[in-house]
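Here it is, the structure in full.
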Amino acid sequence: MRSAFRHILLTAGAVAVAATAAFAQSADTYPNAPIKLVLPLGAGGATDNLARVSSGPVETKFGQPIVIENRPGAGGSLASAVVAQSEPNGQTLLFANFATHAVTPTLFTNLSYDPVKDFKPVTLIASQPHFVLVNPDLGINTLAELIDYAKKNPGKLNFASAGVGSPLHLAAEYFKIKAGVDLVHVPYKSSAPALLDLIAGRVQVFFDNVSTALPHVQAGKLKALAITSSKRSPLAPEIPTVAEAGLQDFETYGWWGVAAPAKTPPAVIAKLNAAYVEALKSPEVSSKLASQGYDVIASTPEEFEAYIGKEITKWAPVIKAANLSPTN
């Protein structure tokens with residue numbers, strides 16, 4: 001009996017050693033096949049472009065293609081589920097964003113995965129603030145005037161969004177709380193039709209990313225009352241921050257990063273992080289993203305993990321105050 005038991009222990013130990021060696025070897029030789037980067041949004045948009053620009057030099061460094069797979073829908077939970085349930089070998093990654101990691105943990109309660117525990121952050125790639133936009137025909141020229149008008153006319157102003165739970169939606173909900181105003185939500189499927197209806201005057205207010213809104217602002221089709229970052233944008237230095245415009249303690253950003261399945265080996269996470277950070281700090285990539293309105297971050301995995309925690313804490317009460325659900 002003792003001999004058999006000892007044989008089992010020795011066999012188990014040998015298997016464990018072999019598995020550990022194979023694990024280490026996989027990290028050393030990673031990647032030895034194409035990497036799949038799953039996006040929670042459709043092809044051709046700003047997020048798709050950001051993923052390709054930031055991942056291009058990583059492809060070159062690794063000598064393996066990074067294949068973009070677009071899986072839009074359900075607030076990013078469709079894409080997230082695919083990655084969370086994939087093999088934790090670094091070959092399938094998620095292009096994480098505000099929706100997948102700041103919103104989903106509060107908005108969804110019956111997911112097949114845990115939005116936090118089932119992922120290991122790799123790097124926070126970039127963030128981008130929003131413009132507070134109005135139609136010029138509204139006759140409002142400052143953020144203070146917007147707040148004053150909204151307080152005197154509760155429920156009479158509509159605000160557009162790119163969908164329930166999107167950063168553009170929650171930025172406006174946050175504004176409602178901070179400014180103490182009542183605006184009516186009009187959700188769209190994406191930013192493009194919302195911008196068109198704002199220009200046409202069918203909605204009056206919209207919080208949108210700097211990169212997509214700026215051409216319309218420069219053309220005089222829209223008026224940007226403020227930017228939601230802590231400092232002015234070099235692309236539009238004439239537009240004040242929300243704080244400068246009179247509303248304190250208010251910042252909102254869309255953000256994007258790379259995450260892997262939770263059990264991905266630390267050595268693989270480190271290798272991915274180093275490659276993406278090197279790419280993002282290269283003059284070619286950093287200048288290109290800056291020209292598109294992005295603030296390049298290139299964080300460590302630990303910094304990204306801490307940032308996600310802070311975002312969840314910040315936005316959970318906003319989501320609850322807005323009484324949001326996955327179907328509204």
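The values are calculated or read from the model by the stated rules, or taken from the named source; none is laboratory data. Note that the structure is predicted; figures quoted are calculated from it, not measured. Don't worry about glycine lacking a Cβ; one is built from the backbone with ideal geometry, like all the others, and counts go over all protein chains shown. Side chains included, ligands, DNA and RNA excluded: accessible areas come from the protein's heavy atoms. Shrake-Rupley method; radii C 1.70, N 1.55, O 1.52, S 1.80 Å.
Below 8 Å, C-alpha to C-alpha, sequence gap of six or more: please give me the relative contact order for the range 129-227 in percent.
Computed value for the range 129-227: 47 percent relative contact order.
Now, a different point. Evaluate the charge dipole of the range 108-182 about its Cα centre and quote only its size in Debye, nearest 20, assuming +1 on the Cβ of each Lys and Arg and -1 on the Cβ of each Asp and Glu.
In total the dipole reaches around 120 debye.
Counting Lys and Arg as +1 and Asp and Glu as -1, each charge on the Cβ, what is the dipole of the range 262-328 about the Cα centre in debye, to the nearest 20?
Numbers: 7 positive and 7 negative charges, 41 e Å.
Using only the charged Cβ atoms, the result is roughly 200 debye.
May I pose another question? Of the options L41, A200, P136, report the single residue whose Cα projects farthest towards the positive end of the charge dipole of the chain (beta-carbon charges: Lys, Arg +1; Asp, Glu -1).
L41
Mind listing the long-range amide H neighbours of H130? Cut-off is under 5 Å, sequence gap 5 or more, other chains count too, H placed in the peptide plane at 1.01 Å from N.
T228, S229, T252
Let me ask another. Just to confirm a number: summing +1 for Lys and Arg and -1 for Asp and Glu over residues other than A245 whose beta-carbon lies under 15 angstrom from that of A245, what do you get?
-2
Over the chain, give the accessible area per residue in Å² for a 1.4 Å probe, as an integer.
Normalised by residue count, the accessible surface of the chain is 46 Å².
Explain nothing, just compute: Karplus ³J(HN,Hα) = 6.51 cos²θ - 1.76 cosθ + 1.60, θ = phi - 60°, for every residue of the range 27-39 in order, whole Hz, x for Gly and Pro.
5, 5, 9, 5, x, 10, 7, x, 9, 9, 10, 8, 9
Nearest-5 percent of antiparallel DSSP beta bridges in the range 129-227?
Of all bridge pairs located within the range 129-227, approximately 60 percent are antiparallel.
Which of the lysines could a cross-linker bridge to K120, judged by Cα under 24 Å and excluding same-chain residues fewer than eight apart?
Answer for K120, where 24 Å is the Cα cut-off: K36, K61, K263, K271, K281, K310, K314, listed by chain and number.
Pick from S127, S166, S86: which is most flexible by mean-square fluctuation in a GNM of the chain where alpha carbon atoms under 10 Å apart are linked?
The residue with the greatest mean-square fluctuation here is S86.
Kindly work out what percent of the DSSP beta bridges joining two residues of the chain are antiparallel, to the nearest 5. Walk me through the numbers before you get to the answer.
Details: 24 of 39 bridges.
So the antiparallel bridges in the chain amount to around 60 percent.
Ok, one more. Let me check I've understood the local charge: for L39, count other residues with C-beta under 9 angstrom from its C-beta, Lys and Arg +1, Asp and Glu -1. What total comes out?
Cβ neighbours under 9 Å give a net charge of -1.
Could I ask something else about it? Rounded to the nearest percent, how much of the accessible area of the chain (1.4 Å probe, protein heavy atoms only) is carbon and sulfur? Intermediate results must be reported in sequence, preceding the final value.
Details: 8470 of 14980 Å².
The C+S portion of the solvent-accessible surface of the chain is 57 percent.
Dipole of the chain, Cα-centred, from +1 at each Lys and Arg C-beta and -1 at each Asp and Glu C-beta, to the nearest 20 debye?
So the magnitude is around 480 debye.
By the scheme Lys and Arg +1, Asp and Glu -1, what is the net charge of all other residues having a beta-carbon under 15 Å from that of I66?
Charge balance near I66 sits at 0.
Sticking with this structure for a sec: For H216, tell me the accessible area in Å² from a 1.4 Å probe, rounded to the nearest 10.
Ignoring ligands and nucleic acids, H216 comes out at about 50 Å².
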